[in-house]
Amino acid sequence: ERGINAMAESLDQAKAREQQQAADTLFQEKLRARITLESIGDGVVTTDAEGRIAYLNPVAEDLTGWKLGEARDRPLTEVFRVIDERVGNEREYPLHVCLRDGRVLRHESRHSLMRHDGRRFSIQDSAAPIRDLEGQIIGTVVVFHDTTEMQHLASRMAFLASHDSLTGLLNRHEFEVRLHQVLETARSEN
């Protein structure tokens, strides 16, 4: 009887050690994931299946102007306010497509993010569904970064390619291109 009880106690202890090891491993993986998310140079926002914010990394807090404690459980559209740069109007972020269809969204078009304080800046972003072990969508992750400086540099380079850097006037090549376009338009429209 003592031998069986000792064996049962030994099995219980082994089971407890195994559970503790599993809990320690899970904690380490969770810590590693959190440190990774907080170290990424892009803004990362996660939502639940209803599109309510669950997490903002520090970059997302900085870019949106919202702290995680203020943003948690708010709809993504309240915190992540997107402006279509072509028309200047706010538009709803198409998170529902990601949640409903399970598709990854990538936006290459020009749009801005309006911070909590009203400042705007250009962004590039993508959203992907988060799935559980059974494949059910349980939320989304939105990743974005500020492209304002890159777009400013691209505009500056385009300007310098067609204008004289000293006077700001059209350079010879651009003048000839535009003159050719005007002459073609005049010919085609009599």
message: Being open to solvent by less than 50 Å² (accessible area, probe 1.4 Å) and aliphatic (A, V, I, L, M) is the filter here; which residues of the range 129-142 pass it?
response: Ile137, Val141, Val142
Total residues in the range 28-49, condition open to solvent by 40 Å² or more (accessible area, probe 1.4 Å), touching a residue at least 12 places away in the same chain (Cβ under 8 Å) and more than 20 Å from Arg120 (Cα to Cα): 5
Evaluation of Ile4 against (1) β-branched (Val, Ile, Thr); (2) outside any helix (DSSP H, G or I); (3) free of Cβ contacts under 8 Å to residues at least 12 places away in the same chain (one fails), failing number: (2)
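Only one residue in Ile123, Ile137 is over 20 Å from Thr64 (Cβ atoms) and in contact with a Gly (Cβ under 9 Å, 6 or more places away or on another chain), so which one is that?
On the way: Ile123 fails: over 20 Å from Thr64 (Cβ atoms).
After ruling out the rest, the residue left standing is Ile137.
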message: Could you list, ordered by first residue, the pairs with Cβ atoms under 8 Å in which the first is in the range 69-93 and free of Cβ contacts under 8 Å to residues at least 12 places away in the same chain and the second is open to solvent by less than 80 Å² (accessible area, probe 1.4 Å), at least 6 apart or interchain?
response: Asn89/Ile83
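Among the strands (runs of 3 or more DSSP E) confined wholly to the range 10-125, which include 2 or more residues that are at positive phi and in contact with a His (Cβ under 9 Å, 6 or more places away or on another chain)?
Working: elements: 43-48, 53-56, 81-84, 89-91, 105-114.
Filter on the range 10-125 gives an empty set.
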- prompt: Applying the selection to the range 155-182, what residues are open to solvent by less than 60 Å² (accessible area, probe 1.4 Å), in a strand (DSSP E or B) and farther than 26 Å from Arg110 by Cα?
  reply: none
- prompt: Looking at (1) closer than 30 Å to Ser155 by Cβ; (2) of a type in the set (A, V, I, L, M); (3) more than 15 Å from the chain's Cα centre (by Cα); (4) modelled with pLDDT of 85 or more, can you tell me which one Leu11 breaks?
  reply: (1)
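Can you tell me which residue in the range 82-112 is surrounded by the fewest Cβ atoms within 10 Å (Cβ to Cβ), limited to those that are among the basic types (Lys, Arg) and within 16 Å of Gln124 (Cβ to Cβ)? Outline the logic, then answer.
Keep residues of the range 82-112 that are among the basic types (Lys, Arg), which gives 86, 91, 100, 103, 106, 110.
Right, trim to within 16 Å of Gln124 (Cβ to Cβ) and you get 86, 91, 106, 110.
Numbers: Arg86: 9, Arg91: 12, Arg106: 12, Arg110: 14.
By that ranking, first place goes to Arg86.
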- request: May I ask you to verify whether Thr25 is within 15 Å of the chain's Cα centre (by Cα), open to solvent by 50 Å² or more (accessible area, probe 1.4 Å) and hydroxyl-bearing (Ser, Thr, Tyr)?
  value: no
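The values are calculated or read from the model by the stated rules, or taken from the named source; none is laboratory data. Computed from a predicted structure; not experimentally measured. Glycine gets a Cβ as well: all are built from the backbone with ideal geometry, and neighbour counts include every protein chain shown. Side chains are part of the model used for accessible areas, which takes the heavy atoms of the whole protein and leaves out ligands, DNA and RNA. Shrake-Rupley method; radii C 1.70, N 1.55, O 1.52, S 1.80 Å.
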